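The values are calculated or read from the model by the stated rules, or taken from the named source; none is laboratory data. Not measured: the values here are computed from a predicted model. All Cβ positions, glycine included, derive from the backbone under ideal geometry; neighbour counts span all protein chains shown. Please note that ligands, DNA and RNA were not included when accessible areas were found on the heavy atoms of the full protein model with its side chains. Shrake-Rupley method; radii C 1.70, N 1.55, O 1.52, S 1.80 Å.
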Amino acid sequence: MKTINGLTEEEIIRDALRAVPEYLESIRSSGVFRLEKCVEEETRRLEKLYRTGTGLRQYLPLSKKELADMDAFTAHFIPILTERTLAVQQRYMKQRRISEINAITAREFISAEFQKAGLTAEVTGQRYRAKVVVSLPAGNLRFYVRYKDLGREGIMDDVVRAVLDLKDAVTRLGQGVILSKY
């Protein structure tokens, strides 16, 4: 069992895994989870922990022996981190697929409902909700519909009716109406 600075092996692993949320945030827009890259980030945390725990300065070059010792330390943990990160990757990819399916379903369903009412809706899928942009005489109206609400009876009838009411109100007010967020 490897320990450093009084930390158990499990505590060291947990510390290295703190790199995962930061990695997930960095791939938020692309959605491409690269196992090797995530483990690389975790290894950097291990190296930093090793340097701190052994009294080595963070940014000074290491001697060959210090480098070999640190490499041996990190090499012990890499298979463990890879296994745990693989589970994270699988959960992430499953959630991503679910979100993509929800987004496609929402896009088709919401667009069709607005088209029936004579309006054009631009629908963009997000993680838990769909962003809907409807063009009105005074500008674009943006709102969100949660995926779990789409299954509720009559939800889209209410949403479309509300948008039509708003469109009617804007039309009645005439020229110069501006909808904005303050």
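Worth a mention:
- Total residues in the stretch 139-182, condition open to solvent by 30 Å² or more (accessible area, probe 1.4 Å) and part of a loop (DSSP other than H, G, I, E, B): 11
- Residue among Leu81, Leu86 that alone is under 30 Å from Phe33 (Cα atoms) and open to solvent by 30 Å² or more (accessible area, probe 1.4 Å): Leu86
- Residues within the stretch 9-31 that are more than 15 Å from Val88 (Cβ to Cβ) and assigned to a helix (DSSP H, G or I), tallied: 5
- For the stretch 2-51, the tally of residues that are at positive phi and either touching a helix residue (DSSP H, G or I) at 6+ places or on another chain (Cβ under 8 Å) or surrounded by 14 or more Cβ atoms within 10 Å (Cβ to Cβ) (or both) stands at 2.
- Residue check, Ala130 in a strand (DSSP E or B), open to solvent by less than 60 Å² (accessible area, probe 1.4 Å) and over 24 Å from Arg172 (Cα atoms): yes
- Those residues of the stretch 83-141 which are among the hydroxyl-bearing types (Ser, Thr, Tyr) and in contact (Cβ under 8 Å) with a residue 40 or more places away in the chain, in sequence order: Thr85, Tyr92, Thr105
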